[in-house]
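First comes the structure, then the notes that go with it.
The values are calculated or read from the model by the stated rules, or taken from the named source; none is laboratory data. From a predicted model like this one, the values you see are computed outputs, not experimental measurements. Here the Cβ positions follow ideal geometry from the backbone for every residue, glycine too, while neighbour counts run over all protein chains shown. Heads up: the accessible areas ignore ligands, DNA and RNA and are worked out on the full protein's heavy atoms, side chains in. Shrake-Rupley method; radii C 1.70, N 1.55, O 1.52, S 1.80 Å.
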Amino acid sequence: TMRFVVAATVALGAPGLVTLLAFTSVRTVVPGLLYIVAIIVATAAGGRIGGLVAVAASAFPFFHFFASRYDRNQINGEGATALAVFVFAALFGSEVMRRERRARERAERAVLDSASALDAAARLQHVADALATARTPQEVLDAVLTEGVRAAEARGGLIATLSDDGEWLEVVASRGYDLKWIEPFRRFPLAGEYPLSEAVRTGEGVFIRSEAERDERYPALVGRSQPGHGLVCVPLVGERGPIGGLVFSFPTDQDFPPDRRALKIA
């Protein structure tokens, strides 16, 4: 609302100030140029609409107060030329400013994308550093669930490993979950209709945006898993094939565009 008020004030006020020159004997070309300046300023403040409002606020006083100083036979030609120039100034000015605004937005997005990429790289480096210093299986689990959950910007996570016979997934560590939801799934079948089972079976990540989507895709989890929002399940693959899977849970619904999916998999 404030921006609209400012734009309207500039679009009407700037031509009004130029019109005050009608009380002087200044030549027509001076107010004509100043009207163009006023139109460009109004365009900067209110975009194309503001510029065209300023054109309307400039054309009548120019015709009435200034163009009439010429011979009456010249008024029509003078006025038509002025109107064409006024409209051109508004349209051309708005197009230039639109392109400048888009270029600035693209530059800002590039800066944000660069900062986001650096942040993602730093988070992954923390995971790598934690894993590099791990000396026991428990330290490896702690590193993944502490730094991995943080890197994924998740609320909680769990790790499940594949049983020796390849038929079951067994939860070996979790972080950020209420244990009452974990206990019934300490051991669950790889062939089951569960998101982590699917991720390990297919070797591809499963990305779920919301609890509603989770319940729709996996009815076996309805009422049996911790209420939540976004969910990511990715397989853990060793040299000889799948060895288990990793789950990330999020506190809100999530979108997973390609760059976010790549980060979670990394």
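Computed quantities for the displayed model
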| quantity | calculated |
| --- | --- |
| Prolate/oblate/rounded call for the range 207-259, Cα gyration tensor, a/c under 1.5 rounded | oblate |
| Carbon plus sulfur fraction of accessible area for the chain, probe 1.4 Å, in percent | 61 |
| Magnitude of the charge dipole, the chain, Cβ model with Lys/Arg +1 and Asp/Glu -1, debye to 20 | 1420 |
| The range 141-204 - charge dipole about Cα centre, Lys and Arg +1 at Cβ, Asp and Glu -1, debye rounded to 20 | 260 |
| Long-range HN-HN contacts of ARG155 with modeled amide H, under 5 Å | SER249, PHE250 |
| Positive-end residue, the chain charge dipole about Cα centroid, Cβ charges, pick of ALA82, ALA22, THR9 | ALA22 |
| For the range 158-173, Karplus couplings with θ = phi - 60° (6.51, -1.76, 1.60), whole Hz, Gly/Pro x | 8, 10, 10, 10, 7, 5, 4, 7, x, 9, 10, 10, 10, 6, 10, 6 |
| Centroid-to-centroid separation of the range 19-35 and the range 195-266 [C-alpha atoms, Å] | 70 |
| For the range 251-266, 3J(HN,Hα) per residue [Karplus equation, 6.51 cos²θ - 1.76 cosθ + 1.60, θ = phi - 60°, Hz, x = Gly/Pro] | x, 9, 4, 10, 10, 10, x, x, 5, 5, 4, 4, 5, 4, 5, 4 |
| Within the chain, helix-based [θ] at 222 nm, where runs of 4 or more DSSP H residues each add -39,500 (n - 2.57), nearest 500 | -19000 deg cm²/dmol |
| Average accessible area per residue (Å²) across the chain - probe 1.4 Å, nucleic acids and ligands excluded | 58 |
| Candidate values (1) 102, 40, 29; (2) 88, 34, 34; (3) 139, 49, 49, label of the one derived for Cα extents along the principal axes in Å | (1) |
| Calculated FRET value between GLU216 and ALA262, using beta carbons and R₀ = 30 Å, to 0.05 | 0.75 |
